[in-house]
Every structure is written in C-alpha cells, then in structure tokens.
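Undergrad: First, the structure itself, so that you have it in front of you.
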Amino acid sequence: MKLQQKYDELIRTARSAGIQNLQVREHENVLYIDGQAPSQQVKQQLWDIYGKIDPNYRSADVVMNVAVASTVAPAAQEYEVVKGDNLSKIGKRFGVSWKEIYEANKTLIKDPDLIQPGWKLKIPQKA
C-alpha cells in the first residue's frame, strides 16, 4: 500500500485516462501496473508521470506493463451475391453506400449496374 501512495498520481491518471483492464497491485516491494491504453499518447503520459516521481528510474519499484490498443480497422465482411441483388440493396443491408461497395470491389465489378450471382463482394465497415 505504501507504493500505491507514492505513485498515487500515476494510478489516478491511469484510471482517468481510460486504461482498460487496469490492474494495480503490490508484490514484494514492487508496484505492478497492467492494462491497455487507448493511445500511445496516454501511455507516454503515464511514463512522463513516472519519470517525474522517480526522475532517474533508480527506485526499481514499478513495473508498468501497459499496451496500446490496436488501431487497425476491422476487416471487410464478405457477401455472396444472389439473384435479384444490386449494390444499393446490398448496401442498405450492411449500412454502407453502393459506391463504397463498388470502390472496395473495383477489380471485380466493371459496371456497378451489372453484378452476378455467386460473386463474393467485400463489404467495407461503416465509417
């Protein structure tokens, strides 16, 4: 508990900055802080606070294992065209415009008014 008091500013910032799955625990005179930061900027903010409390990082009494949340966009879905489909109808089903579907499938679709049953189209994620 003594280390949690020493690093109170660091812990409070981690909580208020939205660190997900935050775990703070002391074990054998070491404070462990684990979680997932929403951005690299938030992670750096934590390190800056730690550096302010222990400028030369000589205490060796904190282990911060904070990863940065992935910013990779979700992969596009795939949809198999059935008889009677058109890009507008498919777009409505997935909440995207027919133009977005067309742009994502330009290598397959030469004319947006002519799509064929059996084609597997990539459906982009909603922006």
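The values are calculated or read from the model by the stated rules, or taken from the named source; none is laboratory data. All values reported here derive from a predicted model rather than from experimental measurement. Neighbour counts run over all protein chains shown; Cβ positions are idealised from the backbone, glycine included.
Undergrad: I'm trying to understand the selection: among the residues of region 14-41, which are more than 18 Å from residue 69 (Cα to Cα) and either in contact with a helix residue (DSSP H, G or I) (Cβ under 6 Å, 6 or more places away or on another chain) or of a type in the set (S, T, N, Q) (or both)?
TA: Hits for region 14-41 are 24, 26, 29, 31.
Undergrad: Take residues that are without any contact (Cβ under 8 Å) to a residue 24 or more places away in the chain and touching a Pro at 6+ places or on another chain (Cβ under 7 Å) and tell me which of the helices (runs of 4 or more DSSP H) falling wholly in region 36-127 contain 2 or more.
TA: Hits in region 36-127: 98-104.
Undergrad: Suppose we filter 23, 5 for residues that are on the phi < 0 side of the Ramachandran plot, out of contact with any strand residue (DSSP E or B) (no Cβ under 9 Å at 6 or more places or on another chain) and modelled with pLDDT of 90 or more; which single one remains?
TA: 5
Undergrad: Condition test on residue 74, is it at pLDDT 95 or above and exposed (fewer than 13 other Cβ atoms within 10 Å of the Cβ)?
TA: no
Undergrad: Can we say residue 83 is of a type in the set (Lys, Arg), more than 23 Å from the chain's Cα centre (by Cα) and assigned by TED's automatic domain parsing to the domain that holds residue 18?
TA: So residue 83 fails the test.
Undergrad: Before we move on, is residue 31 touching an Asp or Glu at 6+ places or on another chain (Cβ under 9 Å), at negative phi, surrounded by 14 or more Cβ atoms within 10 Å (Cβ to Cβ) and touching a residue at least 12 places away in the same chain (Cβ under 8 Å)?
TA: yes
Undergrad: Now for a separate question. Among the residues of region 51-67 satisfying the criterion of being over 29 Å from the mean Cα position of the chain (by Cα) and hydrophobic (A, V, I, L, M, F, W, C), which is surrounded by the fewest Cβ atoms within 10 Å (Cβ to Cβ)?
TA: The selected residue is 60.
Undergrad: To continue, here is another question. Does at least one position in region 4-23 carry a residue that is under 22 Å from residue 58 (Cα atoms), in a helix (DSSP H, G or I) and within 18 Å of the chain's Cα centre (by Cα)?
TA: So far as region 4-23 goes, yes, one or more of its residues are under 22 Å from residue 58 (Cα atoms), in a helix (DSSP H, G or I) and within 18 Å of the chain's Cα centre (by Cα).
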